[in-house]
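J.: One structure, pasted below without further comment.
The values are calculated or read from the model by the stated rules, or taken from the named source; none is laboratory data. Since the model is a prediction, treat every value here as computed from it, not as a measurement. All Cβ positions, glycine included, derive from the backbone under ideal geometry; neighbour counts span all protein chains shown.
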Amino acid sequence: MARLLLIIHSSRVVSCLVFRHVSWYGLRVFEVTSLVDRPRVLAPGTWQVKFLFKINDHMKFRMAQLVKRFIDIGANLTDEMYQGIYHGSKKHEADLSHVLKRAWEAGLSKMVITGTSLSDSKAALELAKTNEHLYCTVGCHPTLCEEFEKEETSPDAYLEELLQLTLDNREKVVAIGECGLDYDRTQFCSPEIQRKNSTQTDTIASNSSLKTAENLVVAASIPTQRLMIETDCPWCEVRPTHAGHKHVKTVFQTKKKEKWEPGVMVKGRNEPNCIVQILEVLAAIKKEDHDELAEQLYNNTTKLFFPPDTGHK
């Protein structure tokens with residue numbers, strides 16, 4: 001359904017935009033279809049009035065500046081939680097379509113689905129192929145690095161399959177990952193095996209969470225032009241116990257997984273639309289404008305993963 005955006009100045013309508021989609025946060029506007037100056041008649045039932053604005057003489061109304069665009073560079077959309085499965089138990093119907101809908105409405109323009117193993121990378125690729133705004137990585141998470149040592153394969157053969165999957169699908173695969181070392185969860189894979197197989201997939205990036213005060217200091221010190229952000233959903237939500245939580249402004253309605261219903265987020269399960277909370281924390285600790293920071297992060301990510309010469313749109 002088309003909607004009408006009325007721009008009000010000194011209590012009179014001076015222009016209106018007819019468009020097809022709006023989400024409130026950031027006033028994300030798509031598909032502007034017409035601009036009508038000083039409309040005289042609005043036929044009842046023809047248009048739906050969505051927002052009204054008053055603009056004083058000293059304000060410049062530029063729609064582009066009001067739009068926040070996001071790219072989530074780490075979303076585990078193949079995780080079973082988005083199929084309603086938690087620790088092997090089915091709690092509700094699959095709701096990935098609802099998760100994606102919330103993401104697009106929140107301003108996500110692209111998402112990179114994380115590949116955490118050879119099989120998971122294949123699943124991430126297949127999911128990415130279902131939507132032009134979805135991309136993926138190919139790799140093996142360090143906590144799963146024992147896959148390199150499986151009886152039916154060898155480290156070299158496993159790596160070769162990962163690389164071939166990447167080369168055969170360059171239009172969708174934007175990076176190698178997961179890879180590297182993870183000493184926080186050595187119960188899944190020993191540091192020795194991690195180090196042995198990390199040489200197969202060297203990593204050139206580092207990350208910082210927003211859990212502790214020390215994390216915030218580190219994140220604040222990183223030059224803005226070198227920053228990109230991810231949710232790492234369905235994990236790593238910004239929790240009330242985290243140091244960064246005090247800077248979160250946007251709160252979403254949630255329900256326990258046992259009481260799931262369409263259109264409502266699951267309590268304790270992170271989603272791509274929560275990326276706005278990461279922006280809010282970073283803007284606060286870096287003392288930067290939300291809109292300007294959002295645009296810089298978007299440009300950083302586009303420059304690295306979606307430059308014109310890669311064919312990624």
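J.: Just to be sure before I move on: is Leu100 outside any helix (DSSP H, G or I), at pLDDT 50 or above and not basic (Lys, Arg) in the structure I sent?
T.: So Leu100 does not fit the description; no.
J.: Determine whether Lys287 is without any contact (Cβ under 8 Å) to a residue 40 or more places away in the chain, among the basic types (Lys, Arg) and on the phi > 0 side of the Ramachandran plot.
T.: In short, yes.
J.: For Cys236, all conditions in the list (1) crowded, with 17+ Cβ neighbours inside 10 Å; (2) farther than 29 Å from Lys172 by Cα hold save one; what is the number of the exception?
T.: (2)
J.: Is one or more of the residues making up the range 285-301 surrounded by 15 or more Cβ atoms within 10 Å (Cβ to Cβ), not in a helix (DSSP H, G or I) and not polar (S, T, N, Q)?
T.: yes
J.: Within the range 110-124, does at least one residue satisfy the condition of being part of a helix (DSSP H, G or I) and touching an Asp or Glu at 6+ places or on another chain (Cβ under 8 Å)?
T.: Within the range 110-124, one or more residues are part of a helix (DSSP H, G or I) and touching an Asp or Glu at 6+ places or on another chain (Cβ under 8 Å).
J.: Additional query: Mind checking which residues of the range 65-110 are surrounded by fewer than 21 Cβ atoms within 10 Å (Cβ to Cβ) and at positive phi?
T.: Across the range 65-110, the qualifying residues are Gly84, His87, Gly88.
J.: Under 7 Å between Cβ atoms, at least 6 apart or on separate chains: pull out the pairs that start in the range 83-107 with a residue that is charged (D, E, K, R) and end on any residue that is part of a helix (DSSP H, G or I) and at pLDDT 95 or above.
T.: What qualifies is Lys91/Lys257; Lys91/Glu258; Asp95/Tyr82; Arg102/Asn273.
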